[in-house]
1. In the stretch 65-98, how many residues are over 28 Å from Val178 (Cα atoms) and touching a helix residue (DSSP H, G or I) at 6+ places or on another chain (Cβ under 7 Å)?
2. Go through the residues of the stretch 74-81 one by one and say whether even a single one is at positive phi and assigned to a loop (DSSP other than H, G, I, E, B).
3. Looking at Thr36, Thr56, which one is within 12 Å of the chain's Cα centre (by Cα) and β-branched (Val, Ile, Thr)?
4. Return yes when Ile85 is β-branched (Val, Ile, Thr) and touching a strand residue (DSSP E or B) at 6+ places or on another chain (Cβ under 9 Å) and no when it is not.
5. Within the stretch 48-73, can you find the residues that are part of a loop (DSSP other than H, G, I, E, B), in contact (Cβ under 8 Å) with a residue 40 or more places away in the chain and closer than 22 Å to Trp112 by Cβ?
6. Conditions: (1) among the aromatic types (Phe, Trp, Tyr); (2) out of contact with any strand residue (DSSP E or B) (no Cβ under 9 Å at 6 or more places or on another chain); (3) in a helix (DSSP H, G or I). Phe129 meets all but one. Number of the miss?
7. What residue, among those in the stretch 71-98 that are farther than 17 Å from Val144 by Cβ and hydrophobic (A, V, I, L, M, F, W, C), is surrounded by the most Cβ atoms within 10 Å (Cβ to Cβ)?
8. Name the pairs: first residue in the stretch 122-144 and in contact (Cβ under 8 Å) with a residue 60 or more places away in the chain, second residue outside any loop (DSSP other than H, G, I, E, B), Cβ to Cβ under 6 Å, at least 6 apart or on different chains?
Amino acid sequence: MMETLYPIGIQNFEKIRKEGYLYIDKTALIHQMAKTGSYYFLSRPRRFGKSLLLSTLEAYFQGKKELFEGLAMERLEKDWVKYPILHLDLNISQYSSQKDLEDILNRNLVAWENLYGADPAERSLALRFAGIIQRACEKTGQRVVILVDEYDKPLLQNLHDEAMQTELRNMLKPFYGVLK
C-alpha cells in the first residue's frame with residue numbers, strides 16, 4: 001500500500017507534481033481564470049495557498065504541459081503557449097529600511113533586463129519595469145504574465161512605523177502603478 005505524501009509547507013507546483021505529493025486538482029478553475037480575465041488581485045488569509053497558486057500559474061504560463069498530466073488542465077488547454085513571465089516575490093527579505101525594498105526590486109529588474117534588454121533612459125524603478133514589460137512583449141510576441149507574491153509584505157512588516165510605511169508606499173505606488 002502506497003503512503004500518501006502530503007505537501008506540508010511545499011509551495012512549488014512542479015515539486016509537488018514530480019515528487020508524487022497529494023495535489024487537489026483546481027486546474028479547471030485556473031484555466032477558467034486564465035482564459036476569462038486579464039487582471040486578478042487575490043487576497044486570501046495566510047497559509048491559504050496563494051504561493052502554490054502562483055507557482056501553478058507560472059508552470060501553466062511556461063507551457064509545462066507534462067506537469068498537468070492527469071489533471072483537468074490537460075484536457076482543457078489545447079495551445080500550451082509559452083509566455084514571458086515576470087515573477088516578483090517580496091517574501092524573501094526583511095524590510096527594515098527603504099533600501100531593502102529598493103534592493104529587491106532592483107535585483108528583479110536587473111534579472112529581467114538581462115533577458116529582455118534595458119534602456120539607459122529608464123532610470124526610475126517604475127520606468128524600468130514598464131520598459132521591461134514592453135520589451136518582453138515585443139521580443140516574444142506574447143502578452144506578459146506578471147505574478148506578484150507577498151505584494152504587501154514590506155508594509156505589513158512596518159505596521160508599527162508610520163514614517164517607514166509612507167516611504168515604502170511612495171516607492172510601491174508608482175511601481176505597481178505600471179500594472180494599470
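1. First, pick out the residues of the stretch 65-98 that are over 28 Å from Val178 (Cα atoms): 65-79.
Those left that are additionally touching a helix residue (DSSP H, G or I) at 6+ places or on another chain (Cβ under 7 Å): 67-68, 71-74, 76-77.
So the count comes out to 8.
2. Going residue by residue through the stretch 74-81, those that are at positive phi are 80.
If we keep only those that are assigned to a loop (DSSP other than H, G, I, E, B) too, we end up with 80.
Checked against the condition, which is being at positive phi and assigned to a loop (DSSP other than H, G, I, E, B), the stretch 74-81 yields at least one hit.
3. Sole residue among the options that is within 12 Å of the chain's Cα centre (by Cα) and β-branched (Val, Ile, Thr): Thr56.
4. Criteria met by Ile85.
5. Lys64
6. Against the list (1) among the aromatic types (Phe, Trp, Tyr); (2) out of contact with any strand residue (DSSP E or B) (no Cβ under 9 Å at 6 or more places or on another chain); (3) in a helix (DSSP H, G or I), Phe129 comes up short only on (2).
7. Restricting to residues being farther than 17 Å from Val144 by Cβ and hydrophobic (A, V, I, L, M, F, W, C), the top hit is Met73.
8. Within 6 Å, the pairs are Val144/Ile133; Val144/Ala136; Val144/Cys137.
The values are calculated or read from the model by the stated rules, or taken from the named source; none is laboratory data. These numbers were taken from a predicted model, which means no experiment stands behind them. We place every Cβ from the backbone using ideal geometry, glycine too, and count neighbours over all the protein chains shown.
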